[in-house]
1. Any chance you could check the Cα centroid distance between the range B:135-197 and the range B:29-90 for me, in angstrom?
2. Which FRET efficiency value, to the nearest 0.05, is calculated for B:THR372 and C:LEU30 with the Förster distance at 41 angstrom and r the Cβ-Cβ distance?
3. Taking the Cα of A:PHE103, stepping 7 Å toward and past its beta carbon, and measuring to each backbone N in the range A:173-192: which are under 20 Å?
4. Can you work out the PRE-style zone for A:LEU96? Point 7 Å along Cα to Cβ, and I want the residues of the range B:130-148 with backbone N under 16 Å.
5. Among A:LEU98, B:LEU27, A:LEU51, what is the fewest-to-most ranking by other Cβ atoms within 10 Å?
6. Sort B:VAL262, C:VAL39, A:VAL63, C:VAL535 so that the residue with the fewest other Cβ atoms within 10 Å of its own Cβ comes first and the one with the most comes last.
7. Hey, with R₀ at 60 Å, roughly what FRET efficiency would B:ARG316 and C:THR522 work out to, going by the Cβ-Cβ distance, to 0.05?
8. Could you sort out which of B:LYS387/C:LYS114; C:LYS305/C:LYS363; B:LYS415/C:LYS172; B:LYS218/B:LYS241; B:LYS415/C:LYS229; C:LYS363/C:LYS398 sit more than 22 Å apart by Cα distance in this structure?
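Bear in mind these aren't lab numbers, they're just calculated from the coordinates by the rules spelled out. From a predicted model like this one, the values you see are computed outputs, not experimental measurements. Glycine also receives a Cβ, built like all others from the backbone with ideal geometry; neighbour counts cover every protein chain displayed.
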Amino acid sequence: MKLAATTLMVHSTLAAVSATGVTVTRASTVDVVTFVIAAAAVLIGAVGVVLARHPVHAALMLVMTLFGIAVLFLLQRDDFLAAIQVIVYAGAVVVLFLFVIMFLGVDREENIRFEPLRGQRPLAVLLIALGTAGVLVLGLVSHWATGAPEVAGAANGPGSNVAKLGKSVFTTYLFPFEVTSALLVIAVVAAVVLARRPPATPDPDDPDAASGDGNVIGEEQEVVG
Amino acid sequence: MSPSLLLGVAAATPRFRTPHIDYLSILPILIMMGGAVAIVVVSSLVRRQLRTGVGTLLAIVTSLAALGASLTQWADVADHGAKVTIAGAVAYDGFSVFIQVTVSIAMLLTVLVGDGYLRREDVGGPELYVLALLSASGAMVMGSANDLIVIFLGLEIMSIALYVLAAFNHRRTESGEAALKYFILGSFSSAIFVYGIALVYGATGSTNLPEIADYLSKNVVASNGVLLAGLALLLVGFGFKIAAVPFHMWSPDVYQGAPSPVTGFMAAVAKAGAFAALLRVFVSSFGAERADWQPIVWALAILSLVVGAVLALSQRDVKRMLAYSSINQAGFILLGVQAADGRGVAASLYYVFVYTFMIIGTFAVVTVLARTGDRGHDLSEYRGLAKRQPLLAGALAILLLAQAGVPFTTGFLAKFQVVAAAVDAHSYALAAVAMASGAIAAFFYLRVAIAMYSPAGASGDDASHEPAGAAGAGVGGEAGSAGSGSPAGSGMADPVGAAGGRGGAVGVAAPGVAMLSLQVLTDEAPSPEVAGRTVPVPALAATALGLAVAFTVVFGIVPAPIVDFAHRATLLFL
Amino acid sequence: MLHVTALIILLPLVGFAVQLFFGRRLADPLAGAVATIFVAASFVVAVGVFVDLLGVHAAVRSFTQVLWTWLPVGGLHVDIGFTVDPLSMTMVLFVTGISALIHLYSISYMRGDKDFPKFFLYLNLFVASMLILVLADNLLLTFVGWEGVGTCSYWLISFWFTRDSAASAGKKAFVYNRIGDAGFLVAMFLTFEKVGSLNYSVIFSHLHEIGSGNITAIALLLFVGAVGKSAQIPLFPWLADAMEGPTPVSALIHAATMVTAGVYLMCRINPLLHAAPDASLTVASVGAATALVAGTIAATQQDIKKVLAFSTVSQLGYMMLAVGTGAYEAAIFLMIAHAFYKGLLFLGAGSVIHGLHDNQDLKRMGNLRRYMKLTFWTFLVATLAIAAVPPLVGFWAKGDVLDAAYARYPVLWVVGIIAALFTAYYITRLTALAFFGEDRWRDHRPHGVGSDVAGGHDAAAGPPHESPWPMTVPLVVLAACAFFGGVLSLPWYAKGTLLQWVDPVFGANLYNAHQSAGMLWTLGVVDAVVAVIGVTVAYRIWATRSEHPQLEPAFLQKAWYINEAFDFAIGRPGTRLAAFTATVVDNRVIDGAVNGVAALVRGTGGALRRVQSGYVRNYALAITVGIVALLGFMVTRLWWS
């Protein structure tokens, strides 16, 4: 369930990427070049996570993405977030992933040849292309009169970034910040719930529970993860 | 406090004022979360596994306290008016209080149903309540959220707890499978949702809803593509949570696989939370942009209405059927969203509120009937129920009829109001489709009711598949013959709606009543009675069921208080 | 007592609830007794309200009890409100009164049926629905009762659903009624669109604002509803098939509830009809045509209940004729008179059928007057009443209708007189075949369909027997009413009559022929002569038929010829040649459309289900399709906004 909590964090960073992408227009050439490289790393890493056959490769690709994001933070002169990004995600989270993968066995592979719906993969590629194109068209065509405060460079005003981050967490974002703690409780309880194992003695009413061959839902067999 | 003792830097840190916290405005949320934590603490303090009864008691007390707190809020808001608190993150108005009340009640009913389930299935302790309480608090956060970030957090709190809840029954592999599917697709949709938030932030410079609305009212930007993209992606995220077509695919599998009380909870609370946020964000903040998003909601509503109704027809598994029917119901609620005015919001709120009772009550019966192992969901299991347990069958029949929109139930008024709102908003085609789908929907709800009131097939539990199949064929046959009733009725309701009348929901319900008559009549000859197959009905589940039925019937006959409640909630919101 | 108006409806509803929860425990015959008590109590309350209403000054004799607001939604405000005025009060009195008698009768009739409590459950709900329909103070609530009556009638018609014919009869009633209901619904929407309210008094007070075209449209649409429910041309075939229900149900549907609903609705909307002469003429024409056509059909039927069914259709035609003429008082009077004698005829027929062990074939009856004396005499009264022989109630009631028609639409009067001839003819034929002649039932003993009722008579040995008292008491009561009912409205005596009583409801909308006394006498004599001719002819032909069977076949053949012709042209009265129109409409068009839609729905479902494979990646694909579609739409908004 850690995964769920972490996806959340990834999402919030995605939001940050997007927000910064908006303001990069005023940056210098160096910034632009750095941005392109880092962004490419992020995207390639993200695609790699999905495409990699081997789970360990996927995890490493994730590291690449996370590093790219850290660089993007640096580009925004936010060294604190960049450091956190590297320490927490690349350092802790991905290592945890790797632990789990090793624990479950690295040689596990699922049969992804079978495709229940004909044309699923070409269709998926096409749709992703179309979706990306859609967002790009919408982004490029629109007039950039945003109300976004100018945030290129260090956050406005005197004082360090860290202090301002801390301040906003305890003022503007107090409620969101505190509410996030519920997620931690959920994560703990979820770990307890999901770690339970069915009792060894098979239930006479329930043959599936003992044999463990599930996938009763839907038409076909489904093995995920 | 002695900050200087902590670190030297403390002195250098600029001082700032933390925002004032109006505790009453988030009291139900705090109670829900506090109750969850309390149950965790209590269960870790006792040596052996906490007895189910203790957990149930705590959860009931928590739900009741939350309900009481939200009613106190209602009085407070009515007296002192709506406001925005905690640094603009929380909206404290009639709308949010309405959602708190809804969620509290849903929680209470779920606990009542869940107790019997936990005892019967022996799937462990009070974690179910803990997760449900947290999930409910997430839905409440969504209802009170005044900031896209807060909405997202509420969404995740609600959803992640639901993912785990879906996996709760570790004796059923379907449970785990459902959870995994829900989790993967849910994360996907959450990512899209966050992307939407980011784009909206990029376009408006804020995630705070009033600030967004303020910005948009002051800056009229022609073809603001980023905002449009953001709106589209936000709609995808909401569409997933309310299971609107085409973002619905997870719901049949998850409804079927998740433990039955959890499914009921999911159907009620996830809808309440998601619709609350959807209404607040789109109708309130992006009200000026309605020309951009209304057509999308229109399309989602039509797709949900049609696909939900049509696919529900061919289901034999009652939980799957209810999943599709719930998609259909979401389509109805979207009618109110699409109308995008006070009436539409009030109608949607009313719908969500009464649907909570109907769906949890229905799942109370489903839970009870599934027997140990939570497996008896085939339609044939319902056959002859009226003979064996007339009260149970009667209660379920009433709840199903209510969902079908039969007059003198809350379900009728719910459908009536959303259709009326759609007609008021000049969405005639939408109203017509809604009425037609309501007529189709009546068909599959009644199919279950008919099965219950048909003589039981001669089948036993397991071995004899053949008689069960025969019984199924009988039901199918009846379905066919009843078909001669329903489309005729719907066919008449449609042009009527298109003719511009309001309140075509009358026409929706009427063929349903007529069909019932037909189906009862075309029964097969009675088969030998199946004795000794009665299922035990736990007292608490019976209480929940009784509450649901009583609410549905009483406020169907005397609807003014609840209609008024929803209406006033809207007044204090817009 | 006025403030307990709602109790009139509540009592049958409570009875319904009692049956619902305790019906099985009460069982046979206690459940029936309880149901009867509730309806009888409702009648008593109705009488109390009636007495109170009499105390109110005639000009303001209307009282509306609003219980609560049902739909407080935006522009549409609908109350649960019940209005008692002379019109609704009259209906309530005879609906509750006759229903109570039929309940009592059913206790005995349904004895031993395995679903005995269920029968009374439906019966109570039926009465309650009818009362809602009658007392409602707005169109929507009327419609609720309208639908409730319809639903209960399907349940009751197909009560013996194991018979195929009963099940299909229920379905038929459903389809025909839905056609009518569509008219009602559209009328309701149109009304709301134009007036902004569904409340009767509001609608009537805003008539001048909505234009005569709209008034005509609304009146005609409501008439479509009435045509369905009151079985007028062309929607009457269902009523004949509805005979498949138990006999008390037929009596209830025909005499007291259901079919009179259409006539009542037309009377209720009299200001609309008054403002729309075209609609009135349509109503009158359809009514007159129905009276004649159904009368001719009834003259040839072989099943005793089918004769009565078409007789009802014919009588309803008369009522519609009266409504269309503007003689609402006459329509109400005929409705009441009809309730008396048609209830009596049905109960008498039921008594006969019961006595002959479920034999309904007129050709296998005969000479029953010797075995069922009481039934015979009461039946005879009903026969003369419906044949309009003076001084029985039918003479006065039908006379009023025809007098008004003569003054306003002379052509329709001619049609009405011919129909009156047929009426006298068919009903006498029925009586003659059943009660006179030879004991033809001796040669044809029943086939044993449900013949184990009433004490296990040996089929071959026992003669027909008189029915037990719960079945005969209602007969006597109704016979008295049918005989003396004429006093309700006598042409030369105005004070305290029905006319004076209901007059305030209709007021200026009532058509007044201003005929001279001589004219009235002439018309009355014509009516009486026609009736006597019809009775005499039929009696001479049919009472002697069994004595000289070989002398009659030519005429018999001719009669069947007519029947076939009418069958062919109009309806599907269940004779051996099903009517052309109805066959096509019923079996091809309606069934075909219905099956087509059902098949379409299922086919689509199958196709969509294929995507629902259980694979997450397919689901994700569907979500992506949605995303792309949404973004695509937003892209279009960039340029075309």
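1. 20 Å
2. Result of the calculation: an efficiency of 0.55.
3. Only A:184-192 fall inside the zone, counting backbone N under 20 Å.
4. none
5. A:LEU51, A:LEU98, B:LEU27
6. If I rank by nearby Cβ atoms, fewest first, I get A:VAL63, C:VAL535, C:VAL39, B:VAL262.
7. 0.25
8. Working: B:LYS387/C:LYS114 14 Å; C:LYS305/C:LYS363 13 Å; B:LYS415/C:LYS172 29 Å; B:LYS218/B:LYS241 32 Å; B:LYS415/C:LYS229 27 Å; C:LYS363/C:LYS398 30 Å.
In this structure, B:LYS415/C:LYS172; B:LYS218/B:LYS241; B:LYS415/C:LYS229; C:LYS363/C:LYS398 exceed 22 Å between Cα atoms.
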